[in-house]
Amino acid sequence: MQLYNTLSAEERAQLIDEAGKERLTLSFYAYAKIEDPKKFRDELFIAWNALDALGRIYVAHEGINAQMSVPADNFEAFRTTLEDYEFMRGIRLNVAVEQDNHSFLKLTIKVRHKIVADGLNDESFDVTNKGIHLKAQEFNNLLEDPNTIVVDFRNHYESEVGHFEGAITPDVENFRESLPIINEQLQDFKEDKNLLMYCTGGIRCEKASAYFKHQGFKNVYQLEGGIIEYTRQIKEEGIKSKFIGKNFVFDHRLGERITDDIISQCHQCGKPCDNHTNCSNDACHLLFIQCDECKATMENCCSTECLETIHLPWDEQIKLRKGLQVGNKVFRKGKSDALKFKNSGDLPAKPLAKAETKNIRQKITVKKVLLGKAEHYYTKSKIAQFLIENKELSVGDKVLISGPTTGEQEVAITEIFVNGAPSEKARKGDQITFELPFRVRLSDKLYKVLQAENA
């Protein structure tokens, strides 16, 4: 019986592209008493693996927290699997504003002590005595009440690119840190103020609202379904958005645009920008904001030290990392002395710029077929190297190079070298090189474009 992934992320991406079917990115959570989380985990894996559902899911004795990608054709079947459990019947599924077929490429279900690390002793207060849930228009109305204090229960790198007008945005790296800080800041407002709270999908506020009611706050409210559900409602009902900027998300997209306001800066040059990325140096992998100009100059690195490191021979890079906990296993929280324009904590609400309708990161809707993957980029000569693993490539073809940090770049092939020699065509198993004005990474995929149009 299969209870684990048998395909790599690359193999899964190829299957998704070849299938050519739309997938939905969604999230949900539920607090419930689960007697045997391991048994529950295995049941979910078997059911969801059969539906080609992918994602990152945490289960614990206290419930489930899921962020997933599900084939649109299997959406109702997926919902049916939830109905098998009483505590998930009729559960709200927060469907993403922007869809990306590659948002998740593995099905990972982990048993944890808690579904959100909050550092709270749940036995010390009634976790079911929660705050009042508000829909989008109700939330907006209470925001305009001068007797309201609104608090963002997300982390500094999330609130920096987008938040509600007038919100308190704690300078914290995790949810656990925010609770005592907010409690201390608001000690004088327990009796006479409306405490209005929000987070990405609502899960953090479920526990936080009960905690603050236990701390003596009388009027506690929370945004139902978080920013994701708020965005859906304002779009469907034509409500003015009180949220400005981007909503940070925890898949490879790293953000969904809610309004065209850019409220943050490139951490390297200070230019208005709200595109998060991860440093290309696997020994760093720092999460930070980088504009396209700095991305080109710094080759997606956060510092000159990291830039120098990625140009070292691979074996030397490995030696430098020996004995250190580095690479993709570390999700560093976006703070470094190298980031000159990093802002945390008390953030300005005034937009610095407006996002362009079309830019280098605009998603391109394409009918395409996967050809292969990137193997190397020769910086001095600006030559990219790929391995053809599927189909054929000819001079004159258009290709799409796609990756988490590269974005989506379309290029016309005017000249290629196949296995070191000039050629008009490359076939499966061939190693090809051609000139590119931008750096490619090992995570990048090469597609042959059959048809394309701007999304």
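Between 224, 229, the distinction of being open to solvent by 30 Å² or more (accessible area, probe 1.4 Å) and closer than 30 Å to residue 190 by Cβ belongs to 224 only.
Candidates in segment 412-445 are the residues that are within 30 Å of residue 294 (Cβ to Cβ) and hydroxyl-bearing (Ser, Thr, Tyr); of these, the one that is most open to solvent (accessible area, probe 1.4 Å) is 414. None of 295, 246 is out of contact with any helix residue (DSSP H, G or I) (no Cβ under 7 Å at 6 or more places or on another chain), under 20 Å from residue 173 (Cα atoms) and surrounded by 23 or more Cβ atoms within 10 Å (Cβ to Cβ) except 246. For segment 178-234, the set of residues classified as touching a residue at least 12 places away in the same chain (Cβ under 8 Å) and touching a Pro at 6+ places or on another chain (Cβ under 9 Å) consists of 178, 182, 185, listed by residue number.
Need at least 3 residues that are modelled with pLDDT of 90 or more, more than 23 Å from residue 403 (Cα to Cα) and out of contact with any Cys (no Cβ under 7 Å at 6 or more places or on another chain) per element, so show me which strands (runs of 3 or more DSSP E) inside segment 218-299 make the cut, counting only ones lying wholly within it. I'd like the intermediate steps shown before the answer.
Values: elements: 219-223, 243-247, 276-278, 287-289.
Fully inside segment 218-299 and qualifying: 219-223, 243-247.
Among the residues making up segment 40-75, those that are among the small types (Gly, Ala, Ser) and either over 13 Å from residue 107 (Cβ atoms) or in a helix (DSSP H, G or I) (or both) are 47, 60, 63, 72. Within segment 99-110, the set of residues being surrounded by fewer than 16 Cβ atoms within 10 Å (Cβ to Cβ) and out of contact with any Gly (no Cβ under 9 Å at 6 or more places or on another chain) comprises just one member, 110. Checking every residue in segment 254-268 against the condition of being small (Gly, Ala, Ser) and either over 19 Å from the mean Cα position of the chain (by Cα) or surrounded by fewer than 22 Cβ atoms within 10 Å (Cβ to Cβ) (or both) gives at least one match.
The values are calculated or read from the model by the stated rules, or taken from the named source; none is laboratory data. All values reported here derive from a predicted model rather than from experimental measurement. Cβ atoms come from the backbone with ideal geometry, glycine included; neighbour counts cover every protein chain shown. Just so you know, the surface numbers come from the protein's heavy atoms only, side chains and all, with ligands and any DNA or RNA stripped out. Shrake-Rupley method; radii C 1.70, N 1.55, O 1.52, S 1.80 Å.
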